[in-house]
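J.: Before I ask anything, let me first share the structure, which is written out below as structure tokens.
The values are calculated or read from the model by the stated rules, or taken from the named source; none is laboratory data. Because the structure is a prediction, the values reported are computed rather than measured. When we count neighbours, we look across all protein chains shown, and the Cβ atoms used for this are built from the backbone with ideal geometry, even at glycine.
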């Protein structure tokens, strides 16, 4: 059964970047741009009744910020996944965006393939982050002295996979690094998320490594 293409909305004030993203997603099988907005106010006005599956959101917008927009839209569109798309990788912006309801964070220096992969990974339940951003997040986390978290003990393999997820690697890249299949990785991740009582990569990294 074909569920149809992933419905994507773009919120970006730069018209060149906005149209570049529209063309990029429009030319990718399995993706479809349903709306594009030049401001948070326009997105808040037009989205809500018909929520897209994924919103790619700039942070610096005229008027309300992308972070404010995600905070409000996430209340209206609980099933929508939000991907921050920005030049900013400073710690305060990253953590504020994630706290506001963003599910992923990718820099504008990412390649077209990385952007498309991030949207697909986000829709598939992942939490994509540019590798540089992921490393900054991990740098603010202090490893626990024990491999046990609230009674949940991770295996050596699960710890390896979680560490590579924290670096921002994709499942395929982790498989190549460890010499295992993507299917096996997903099985480990499923068990790991159950042990840690989390839903995604960001929650797992924060919970396991701690602040």
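J.: So which residues in the stretch 47-86 are assigned to a loop (DSSP other than H, G, I, E, B) and within 20 Å of residue 15 (Cα to Cα), if there are any at all? Please lay out each step first, then the result.
T.: Just the residues of the stretch 47-86 that are assigned to a loop (DSSP other than H, G, I, E, B), to begin with: 47-53, 58-65, 77-80.
Within the stretch 47-86, 47, 58, 59, 60, 61, 62, 63, 64, 65 meet the criteria.
J.: I'd like to check which helices (runs of 4 or more DSSP H) are fully inside the stretch 156-211 and have at least 1 residues that are at pLDDT 85 or above. Spell out how you get there, then give the answer.
T.: Numbers: elements: 156-166, 171-178, 182-196, 201-209.
Passing ranges, in order: 156-166, 171-178, 182-196.
J.: Moving to a separate point now. If a residue must be part of a strand (DSSP E or B) and more than 10 Å from the chain's Cα centre (by Cα), how many such residues does the stretch 98-131 contain?
T.: Within the stretch 98-131, residues that are part of a strand (DSSP E or B) and more than 10 Å from the chain's Cα centre (by Cα) number 1.
Condition check ((1) surrounded by 13 or more Cβ atoms within 10 Å (Cβ to Cβ); (2) touching a residue at least 60 places away in the same chain (Cβ under 8 Å); (3) in contact with a helix residue (DSSP H, G or I) (Cβ under 8 Å, 6 or more places away or on another chain); (4) closer than 15 Å to residue 76 by Cα) across all residues:
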site: 8; (1), (2), (3), (4): yes, yes, yes, no
site: 12; (1), (2), (3), (4): yes, yes, yes, no
site: 16; (1), (2), (3), (4): no, no, no, no
site: 30; (1), (2), (3), (4): yes, yes, yes, no
site: 33; (1), (2), (3), (4): yes, no, yes, no
site: 38; (1), (2), (3), (4): yes, no, yes, no
site: 45; (1), (2), (3), (4): no, no, no, yes
site: 49; (1), (2), (3), (4): no, no, no, yes
site: 57; (1), (2), (3), (4): yes, no, yes, no
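J.: Name the residues in the stretch 87-97 that are part of a helix (DSSP H, G or I) and either surrounded by fewer than 22 Cβ atoms within 10 Å (Cβ to Cβ) or free of Cβ contacts under 8 Å to residues at least 12 places away in the same chain (or both), would you?
T.: Filtering the stretch 87-97 for residues part of a helix (DSSP H, G or I) gives 91-97.
Correct list: 91, 92, 93, 95, 96.
J.: Can you go through 8, 87, 54 and tell me which one is touching a strand residue (DSSP E or B) at 6+ places or on another chain (Cβ under 7 Å), at pLDDT below 90 and within 22 Å of residue 133 (Cβ to Cβ)? Please lay out each step first, then the result.
T.: Details: 8 fails: at pLDDT below 90; 54 fails: at pLDDT below 90.
None of the others qualify; the one that does is 87.
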